1. May I ask you to list the lysines whose Cα is less than 23 Å away from that of Lys199, ignoring any residue fewer than eight positions away on the same chain?
2. Where does the charge balance sit around Ile208 when Lys and Arg score +1, Asp and Glu -1, over other residues with C-beta under 13 Å from its C-beta?
3. Please report the spacing between the Cα centers of segment 48-86 and segment 144-172 in Å, no decimals.
4. Each residue of segment 41-49 in order: what ³J(HN,Hα) in whole Hz does its phi give by Karplus 6.51 cos²θ - 1.76 cosθ + 1.60, θ = phi - 60°, with x for Gly and Pro?
5. Work out from phi, with θ = phi - 60° and the Karplus expression 6.51 cos²θ - 1.76 cosθ + 1.60, the ³J(HN,Hα) of each residue of segment 104-115, listed in order in whole Hz, and give x for Gly and Pro.
6. Calculated FRET efficiency, Ala80 and Thr27, Cβ-Cβ r, R0 22 Å, to nearest 0.05?
7. How large is ³J(HN,Hα) for each residue in segment 78-92, as worked out from phi by the Karplus curve 6.51 cos²θ - 1.76 cosθ + 1.60 (θ = phi - 60°), to whole Hz, x for Gly and Pro?
Amino acid sequence: MTDTGADTLTHTMTDTMTDTMTDTTQTEVLIVSDAARATVKEIRSQEDDAEALGLRVEITGAKGVDYTYDLSLEPLAETAADDHLHEKDGLTVIVPALSVPLLAGATLDLPANAAQGGLVIRNPNRPNPLGDFGQLELSGDAADKVRTLLEQRINPALASHGGFAELVGVEGERAFVTMGGGCQGCAMSAATLREGISKAIRDAIPEITEVVDTTDHEQGANPYYT
């Protein structure tokens with residue numbers, strides 16, 4: 001079962017996966033609402049040996065600024081040694097080790113619109129929409145460092161969308177950045193700058209604590225995003 005962010009997860013959770021052992025003493029990573037727990041337990045009740053199954057929730061990738069997820073029912077006896085397990089009210093939630101930090105504080109719930117059906121994951125964590133930039137040697141003043149990061153890491157990633165990011169200037173701890181090309185007017189560009197570019201600049205250049213988006217998002221001819 002795969003979907004994004006707070007999008008509806010509508011497929012039946014009947015797939016099983018393999019791994020080993022269980023430990024139900026750990027703290028709760030993914031919060032499950034009472035309504036969602038009841039729904040999962042109802043679905044699980046249709047399976048053979050239902051009480052021996054836990055709900056596995058795994059992050060499988062990213063789509064834009066949201067993660068994608070897979071939910072399935074898995075035999076507790078087949079969980080992996082490094083899986084994170086938490087049992088509450090008769091339901092054990094299984095989170096693979098790599099998904100733990102990305103799901104911390106997220107909530108599994110029913111959609112606000114009851115007619116929508118399925119389940120939703122509301123996750124405060126967001127992936128970098130531009131991917132992993134890796135290590136980069138930066139030198140010079142803050143403006144030089146920002147320009148190097150934009151030119152060597154960020155703009156190559158934006159090029160596939162027909163766009164680019166450009167430094168307007170630096171004032172104290174604030175960097176002013178604008179986006180152009182296919183990114184100007186693109187519905188995703190503001191989120192890309194906020195979730196991707198801004199974070200990348202602040203992580204790589206500690207002297208910059210704020211990134212200001214100066215893009216005129218109302219302008220831009222034939223914005224392109226794939």
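1. Straight-line reach from Lys199, under 23 Å: Lys63, Lys145.
2. Its environment carries a net charge of -2.
3. 38 Å
4. For segment 41-49, the Karplus-derived couplings read 5, 5, 5, 4, 4, 7, 8, 5, 6 Hz, x marking Gly and Pro.
5. Using θ = phi - 60°, the values come out as 4, x, 7, 10, 9, 8, 7, x, 4, 8, 4, 6 Hz.
6. 0.75
7. For segment 78-92, the Karplus-derived couplings read 10, 6, 7, 4, 9, 5, 9, 10, 9, 9, 8, 6, x, 10, 9 Hz, x marking Gly and Pro.
Bear in mind these aren't lab numbers, they're just calculated from the coordinates by the rules spelled out. Quick caveat, the model's predicted, so the values are computed rather than measured. Counting neighbours? That spans all protein chains shown, and the Cβs are built from the backbone with ideal geometry, glycine included.
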